[in-house]
Amino acid sequence: MQKTYSGRNVNLQALAQEINNFFLSEGWESTIQPMTPPMGGIQDFLIRAIKKGHFHHAEQVIVRVTGYPYDFRIIVEEEHIGPLGRELINHRLFSQIDKEINDGLFDLPYQAAQYQPAPQYPQPVQPQQGVRCPQCGFVNPPAAKFCANCGYKLA
Ligand SMILES: [Zn+2]
């Protein structure tokens, strides 16, 4: 089965982690692995959950979270599970994460922080090449008329 989600801005890694935690809390062995990210900002996470059952029988589920933060799918890619496992996934897992997604638990900040270029501080030159400012000690280029750091008049 698969479900498509859109209209929010979801942190897919956090969501995949939550699905992994869900299986762990239900006593499954579960691991999460990020897949090689395809082009175009698509994210892709795979959750593999295994539950050792009776009579050497193991149930296994592979869940994939893939897409963009604002438009993604949760896909149950593969399952070798009995009725209890199916109930667990189809009802409890999806009802839990659907609620958490709708509650905004995994929402990314609506507007990503604006990129701020690092402030440009004046770079001192090598002491033997420059003029040391008598006021602040900053070493300025040889021909400097004013200190690049504090503005003190050098010449
Ligand atoms: Zn100075």
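Key figures
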quantity: Residue in the stretch 128-135 that is touching a Leu at 6+ places or on another chain (Cβ under 7 Å), part of a loop (DSSP other than H, G, I, E, B) and at pLDDT 90 or above present; calculated: yes
quantity: Single condition LEU84 does not satisfy, out of (1) modelled with pLDDT of 90 or more; (2) outside any loop (DSSP other than H, G, I, E, B); (3) out of contact with any strand residue (DSSP E or B) (no Cβ under 8 Å at 6 or more places or on another chain); (4) among the aliphatic types (A, V, I, L, M); calculated: (1)
quantity: Only listed residue being at pLDDT 95 or above and surrounded by fewer than 20 Cβ atoms within 10 Å (Cβ to Cβ), chosen from GLN17, GLN33, GLN2, GLN13; calculated: GLN17
quantity: Long-range neighbours under 6 Å by Cβ, at least six apart or interchain, first residue under 17 Å from LEU88 (Cα atoms) within the stretch 25-39, second outside any helix (DSSP H, G or I) and modelled with pLDDT of 85 or more; calculated: TRP28/ALA49; TRP28/LYS51; GLU29/ILE50; SER30/ALA49
quantity: Cβ pairs under 9 Å, 6+ apart, first in the stretch 140-155 and in contact (Cβ under 8 Å) with a residue 12 or more places away in the chain and outside any loop (DSSP other than H, G, I, E, B), second aromatic (Phe, Trp, Tyr) and near the ligand (Cβ under 10 Å from one of its atoms); calculated: ASN140/PHE146
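The values are calculated or read from the model by the stated rules, or taken from the named source; none is laboratory data. Note that the coordinates shown come from a computational prediction; the quantities given were computed from them, not determined experimentally. Don't worry about glycine lacking a Cβ; one is built from the backbone with ideal geometry, like all the others, and counts go over all protein chains shown.
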